[in-house]
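A short write-up of the structure that comes next.
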Amino acid sequence: MAVGDSFTEGLDDRRPDGRGYRGWADLVAGALACGEPDFRYANLAVRGRLFDNIVAEQVPLAVAMKPDLVSFAGGGNDALRRSFEPQVVADRFDRTIGKLRATGADVVLFCWVDMTGRMPGGKMLRTRVEQFNGAIAAVGAKHGAHVVSLWDDPEFANPRLWAPDRLHLSAAGHRRVAGQVLSALGVTCDPDWLAAPAPPEELSWMSRKAADARWATQHLAPWVKRRLTGRSSGDMVTAKRPELAPLTD
């Protein structure tokens, strides 16, 4: 059972057949399903969801379906907002993970990757992420959850692991996360998933500025517009796998 936002929904890893997004959670499910005829998988994650929305909309469904394993990733969208209060979210996080663990399910958590060098307001964002990551690690230890620390993986500084919007992972990035999750669970993964792709060639100063301008126009401006109008990228989007069901593709 996968719970969360765009990170877990699978943006920006397009499925080979073009039907939506795949992502690390689908890859992990595929690996865990091998040789397990009764294996079932659900992914409730929806892009743009804030922490409280995830807890209110997805966690009760996860608890009701009684899965053996739950991944929980939330709070990233909150950290991008001025109103973010790390300690308030951390307290809610603690209660939420306690509730999931009380069902008897194993839980996978994530310390967020450091993407502050590519985002506006990176210095402020880094402080928030460091605080929240500390809370996630503490909650994981308290409740006996598996904690996958993407923050400690320097390979995520490689632009090839990121989509053009600089916020979501590329296909290579999702494969790397899937490999780390499987490793945390003690399951062997495809070695290629953890192989580091060669970084792109260094751009000239002028090329970097041109790339930054394209990014601001194509990705930053629409994001700001949604914030100003109270809209979300997840409006009208529903979970891609709302029920625990066998993998058929």
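The values are calculated or read from the model by the stated rules, or taken from the named source; none is laboratory data. As the structure is a computational prediction, the values presented were derived from the model and not from experiment. With ideal geometry, Cβ positions are generated from the backbone for all residues, glycine too; neighbour counts draw on all protein chains shown. What goes into the accessible areas is simple: the full protein's heavy atoms, side chains included, and nothing from ligands, DNA or RNA. Shrake-Rupley method; radii C 1.70, N 1.55, O 1.52, S 1.80 Å.
Residues in segment 128-152 that are at pLDDT 95 or above and of a type in the set (D, E, K, R): Lys142 alone. Within segment 190-249, the residues that satisfy the criterion of being hydrophobic (A, V, I, L, M, F, W, C), over 29 Å from Ala42 (Cβ atoms) and touching a helix residue (DSSP H, G or I) at 6+ places or on another chain (Cβ under 7 Å) are Ala196, Leu203.
Those residues that are more than 15 Å from Val177 (Cα to Cα) and among the β-branched types (Val, Ile, Thr), I need them from segment 4-58; list them, please. Selection gives Val46, Ile54, Val55.
Rundown of residues vs (1) under 19 Å from Ile136 (Cα atoms); (2) without any contact (Cβ under 8 Å) to a residue 40 or more places away in the chain; (3) part of a loop (DSSP other than H, G, I, E, B); (4) open to solvent by less than 10 Å² (accessible area, probe 1.4 Å), yes/no style:
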site: Gly48; (1), (2), (3), (4): no, no, yes, no
site: Asp52; (1), (2), (3), (4): yes, no, no, no
site: Val55; (1), (2), (3), (4): yes, no, no, no
site: Leu61; (1), (2), (3), (4): no, no, no, no
site: Ser83; (1), (2), (3), (4): no, yes, yes, no
site: Phe93; (1), (2), (3), (4): yes, no, no, yes
site: Arg101; (1), (2), (3), (4): yes, no, no, no
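Is it the case that some residue within segment 148-161 is assigned to a helix (DSSP H, G or I), open to solvent by 20 Å² or more (accessible area, probe 1.4 Å) and in contact (Cβ under 8 Å) with a residue 60 or more places away in the chain? No, segment 148-161 contains no residue that is assigned to a helix (DSSP H, G or I), open to solvent by 20 Å² or more (accessible area, probe 1.4 Å) and in contact (Cβ under 8 Å) with a residue 60 or more places away in the chain.
So how many residues does segment 200-224 have that are part of a helix (DSSP H, G or I) and open to solvent by 70 Å² or more (accessible area, probe 1.4 Å)? Result for segment 200-224: 7.
Select, from Val177, Val187, the only residue that is under 22 Å from Gly30 (Cβ atoms), in contact (Cβ under 8 Å) with a residue 60 or more places away in the chain and more than 17 Å from the chain's Cα centre (by Cα).
Details: Val177 fails: more than 17 Å from the chain's Cα centre (by Cα).
That would be Val187, the only listed residue that is under 22 Å from Gly30 (Cβ atoms), in contact (Cβ under 8 Å) with a residue 60 or more places away in the chain and more than 17 Å from the chain's Cα centre (by Cα).
Candidates Pro164, Pro197: the one that is open to solvent by less than 50 Å² (accessible area, probe 1.4 Å), more than 19 Å from Leu69 (Cα to Cα) and either outside any helix (DSSP H, G or I) or of a type in the set (Lys, Arg) (or both) is Pro197. Just name the residue that is most open to solvent (accessible area, probe 1.4 Å) out of those in segment 121-147 that are closer than 23 Å to Arg81 by Cα and either of a type in the set (Ser, Thr, Tyr) or not in a helix (DSSP H, G or I) (or both). For segment 121-147, the residue satisfying everything is Thr127.
Summed over segment 18-37, residues that are part of a loop (DSSP other than H, G, I, E, B) and free of Cβ contacts under 8 Å to residues at least 40 places away in the same chain total 6.
Residues in segment 103-120 that are within 17 Å of Leu220 (Cβ to Cβ) and either open to solvent by less than 50 Å² (accessible area, probe 1.4 Å) or modelled with pLDDT of 90 or more (or both): Met115, Thr116, Met119.
Please state which of the following conditions Gly234 fails to meet, knowing it meets all the rest: (1) closer than 30 Å to Ala64 by Cβ; (2) part of a loop (DSSP other than H, G, I, E, B); (3) open to solvent by 30 Å² or more (accessible area, probe 1.4 Å); (4) not aliphatic (A, V, I, L, M). The number of the failed condition is (3).
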